[in-house]
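Working notes for the structure below.
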C-alpha cells in the first residue's frame, strides 16, 4: 500500500520536471528566435512573459512535492558521523526522533502555507492572471505529504546500510 501512496507523487514530480524543461525551452525559443523573427518581419512581438510565472509555479510544486518523495524514499541528506557506532536501539530512537522533527517541520510548513493561501488567494499573478493561492498551495500539499511520509518512515524499521550488508 505504501508503494501505491508514493506512486502518484513520484509520477507528478517526473511530469513536473519534463514540463519545466519544456517551458524553459519554449521561453528560450520565444525570446531568442521569435523576437528576432517578429522584429525582422515588423510584426507585433509575441508575449512570453508568462514563461517566468509558469516556471516559478512549476518549480515550487516540484520542490515541495519532491522533498516529500525524498523523505519517503529516505534519499534526503543524512550525516552519520557517530550514529552507525551506536547500538541498534539507539540508532532506531535517533531515526524516529529525526523523522518526528521532519514531520513537525512539514506541519508548520502546511499551516503557514495555508495562511498564505488565504491571505493571497484574492491576488492575481501579473502575466497569467491566476490566483496566487495556487503558488502557496504547494506549501500546503508539500507540507501534508512531508508529515505523512515522515511519520510513515519513522514507523518503519531502519534498513541496513551498504556496510552492514557487506558484513
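Between 117, 28, 69, the Gaussian network model of the chain with springs among Cα atoms under 10 angstrom shows the greatest mean-square fluctuation at 28. Calculated from the structure at hand, percent of Cα pairs over 18 Å apart is found among [x] 64; [y] 77; [z] 69 as [z]. Counting neighbouring beta carbons within 10 Å and listing from fewest to most, the residues 99, 84 come out as 84, 99. Decide, for segment 1-74, between rounded, prolate and oblate: order the square roots of the alpha carbon gyration tensor eigenvalues as a ≥ b ≥ c, take rounded if a/c falls under 1.5, and otherwise choose prolate if a/b is larger than b/c, else oblate. Here segment 1-74 falls in the prolate category. Scoring 108-115, 146-153 by mean Cβ neighbours within 10 Å over their residues and listing the highest first yields 146-153, 108-115.
Just want to confirm a number: the relative contact order over the chain, from Cα pairs under 8 angstrom separated by 6+ residues, in percent.
Working: 167 pairs, mean separation 42.8, N = 167.
RCO, the chain: 26 percent.
Rounded to the nearest 10 degrees, the angle from helix 50-72 to the longest Cα principal axis of the chain is 10 degrees.
Axis angle, to the nearest 10 degrees, between helix 88-120 and the longest C-alpha principal axis of the chain: 30 degrees.
For segment 67-100 versus segment 121-151, the inter-centroid distance based on Cα atoms is 28 Å.
Listed by Cβ neighbour count within 10 Å, with the fewest neighbours leading, 3, 10 appear as 3, 10. Any idea what angle helix 133-155 forms with the longest principal axis of the chain, computed on alpha-carbon atoms, 0 to 90 degrees, nearest 10? The answer is roughly 20 degrees. Helix content alone sets the calculated 222 nm mean residue ellipticity of the chain: runs of n ≥ 4 DSSP H residues at -39500 (n - 2.57) each, divided across all residues, give -24500 deg cm²/dmol.
Computed over the chain with a Gaussian network model linking Cα atoms closer than 10 Å, the most mobile of 86, 105, 19 is 86.
Mind telling me which of 35, 51, 118 comes out most flexible in a GNM of the chain, alpha-carbon contacts under 10 Å? So, out of 35, 51, 118, the one fluctuating most is 35.
Bear in mind that the values in this text are calculations on the coordinates, not laboratory data. Remember, it's a predicted structure, so these values are computed and weren't measured experimentally. We place every Cβ from the backbone using ideal geometry, glycine too, and count neighbours over all the protein chains shown.
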